[in-house]
Amino acid sequence: MPDLSFLHASPFYELTALLTLAALAGFIGLLLRQPMIVSFIAAGVLAGPSVLGIVQSHENIDLLAELGVAVLLFLVGLKLDLKLIRTLGAVSLATGLGQVLFTAVIGFFIGLGLGLNVITSLYVAVALTFSSTIIIFKLLSDKKEVDSLHGRIAIGFLIVQDLFVVLAMMVLSAFGVGTASESGALAQIGTILLHGLVMLAFVGLFIRYLATPLMTRIAHSPELMIVFAIGWGALLAALGSHFGFSKELGGLLAGVSLASTPFREVIVARLSSLRDFLLLFFFIALGSQLDLGLLGAQVFPAIIFSLFVLIGNPLIVMAIMGAMGYRKRTGFLAGLTVAQISEFSLIFMAMGITLGHVNNEALGLVTLVGLITIALSVYMITYSHTLYRWVEPFVGMFERKMPMREAADDQHSLENKAYDVILFGLGRYGSAIAEHLRADNVRLLAVDFNPDEVRNWRAAGYDAVYGDACDQEFIGYLPLKNVKWVVSAMPQHDLGLTHEDPRLVLIDALKREKFTGKIAVSTQQEHEKEALKTKGAHLVFLPFHDAADRAVERMREDSS
């Protein structure tokens, strides 16, 4: 192994080496068509003590990682509507608590069956209940599924999980004091609940009286608006950490507090690149903390626990959501988000070692489970729609005959209607297309996977249904008989033209339904144009390029 000690002469050298290693790992991952998260975690493992030993300035790396977490959760909070708590609160609470209880109880008995003692089994079982909020939010953001129904439900029960994490850590740290542990734990829980209520009240007052006027003044300087957004997110994340209910929840509240302002889309657009850069250090820190030397004797029990997390956790989520009236597809996609354990699982086990409750072998076991489940679940979520098509024939038991939670009557209300155009995607570009089509008296049906967009469109008196272009069963219910055009104006995720691309899935589904009309899709990448036509698109829109052409055309008309 080469001598890399010179890198530790300066934190800048170390940071440079980490960025170079991450870029190399990311490039190799790109060539192999692997998710970037896996590449960055691999870079962290390579940089950690088990391989190259590059990471020495843990404080600097952790600081950047924590800021990245705060920015990520802040941006997720910006996308959340306060009405989400009312509409999805019940399913989030039921699913979150149900999954935690199921995983803890069954995991405990699996531990006993594998020969672990009672205390170690209990620790491992609790550690398995934590899912990685950061990884899930990042993947949902990359796939543009934060606003989808399953994405919103997943965010809801991940928040419930985070609250359980906070509670578990609190109780454990209270027992660590060593005196009056029970009363100390109860007092600490009460104090944190009080702080949480105070912070919620503060955020509520801020939203009601300050958010929009303050942001309107700040927005006169774009630079100040971005600095304020980062500072605000970091401030509430720090307060959340200080008051004991985690940086994640604090950062999320910061985003929610600005979600009602008209500037949230601008903030999201400007901070997205910074978020990705800072989160690189989170994944490097996560990988560098994995001590491969502890893993040798734990392979068999780790495989058993990993299978339990990868299969059992999604199944319980599907069962609960199915019982509550959600479709099997929504339950499956939401369930995949809990098919891994969290970085907090390792922290929880480390606390147990400090208290003398468990040994290093238990930490090695949970570490290996983390490596397996994080790596595999990233692929499961990244290619979730393809995976669902594979398992769809076998998961019918997880759907009620009438899944009333997803407005099944939409399908029946469409049966006797005829449309000229079906438009997928009610974002800015899709809404603009819809406005022009309606001005020409075109009979239009709009489809979007954001329930709020569908609700707003209907409130304006137009036909719209909730649906997902990747849901082939839904495509079969659409009134395609007299439709002349199906138009996709959906946002594209960062995976490129893969089998998961909603545009390609939509084209294939329309072919299977023997659709006789024409298909139009949009792309932001000019090099995708011919490939999309080869796949079956009759017309490919290039929004920015087309807008430029139209602008020049109008200038020529005015000049003549």
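What follows is calculated from the coordinates using simple rules that are stated; it is not laboratory data. Keep in mind it's a predicted model, so treat the numbers as computed, not measured. Positions of Cβ are backbone-derived with ideal geometry, glycine not excepted, and every protein chain shown enters the neighbour counts.
Could you rank the peptides 210-220, 46-56, 520-530, 148-158 by their average count of other C-beta atoms within 10 Å per residue, with the highest value first?
On the way: 210-220: 14.0, 46-56: 19.3, 520-530: 16.6, 148-158: 25.3.
Descending mean neighbour count gives 148-158, 46-56, 520-530, 210-220.
Taking the average, over residues, of other Cβ atoms within 10 Å as the packing measure, peptides 278-284, 256-262 rank 278-284, 256-262 from highest down. Sorting the segments 448-461, 537-550 by their residues' average number of neighbouring beta-carbon atoms within 10 angstrom, most packed first, yields 448-461, 537-550. Among ASP501, ASP420, sorting on how many other beta-carbon atoms sit within 10 Å of each Cβ, with the fewest leading, yields ASP420, ASP501. Using a ≥ b ≥ c from the Cα gyration tensor of the range 325-405 (square roots of the eigenvalues), is it rounded, prolate or oblate, where a/c under 1.5 gives rounded and otherwise the larger of a/b and b/c decides, a/b for prolate? The shape class here is prolate.
For the chain, the pair-distance distribution built from all alpha carbon pairs, in bins 20 Å wide starting at 0, is 19, 52, 26, 3, 0 percent.
Under a point-charge model restricted to the Cβ atoms of Lys and Arg (+1) and Asp and Glu (-1), what is the dipole moment magnitude of the range 407-559 relative to its Cα centre, in debye to the nearest 20? Don't skip to the answer; put the middle values down first.
Numbers: 19 positive and 26 negative charges, 107 e Å.
Charge dipole, the range 407-559, about its Cα centre: 520 debye, nearest 20.
Once backbone amide H atoms are built at 1.01 Å from N, SER522 has SER488, MET490, PHE541 as its partners under 5 Å, excluding neighbours fewer than 5 places away on the same chain. The relative contact order of the range 407-559, computed from alpha carbon pairs under 8 Å that lie at least 6 residues apart in sequence, is 21 percent. For the range 436-462 and the range 194-225, what is the separation of their Cα centres, given in Å? If you average the Cα positions of each part, the centres end up 32 Å apart. Computed from phi, the 3J(HN,Hα) profile of the range 212-226 under the Karplus parametrisation 6.51, -1.76, 1.60 (θ = phi - 60°) reads 5, x, 5, 5, 4, 5, 5, 5, 5, 10, x, 5, 5, 4, 5 Hz, with x in place of Gly and Pro. For the chain, the 222 nm mean residue ellipticity estimated from helices alone, with every DSSP H stretch of n ≥ 4 adding -39500 (n - 2.57) and the total spread over all residues, rounds to -21000 deg cm²/dmol. Shape class for the range 407-559: oblate, because the ratio a/c of the largest to smallest gyration tensor axis (alpha-carbon atoms, square roots of eigenvalues) is 1.5 or more and b/c is at least a/b. Taking 23 Å as the limit for the C-alpha separation, the pairs LYS328/LYS417; LYS481/LYS518; LYS144/LYS417; LYS144/LYS511 exceed it in the case of LYS328/LYS417; LYS144/LYS417; LYS144/LYS511.
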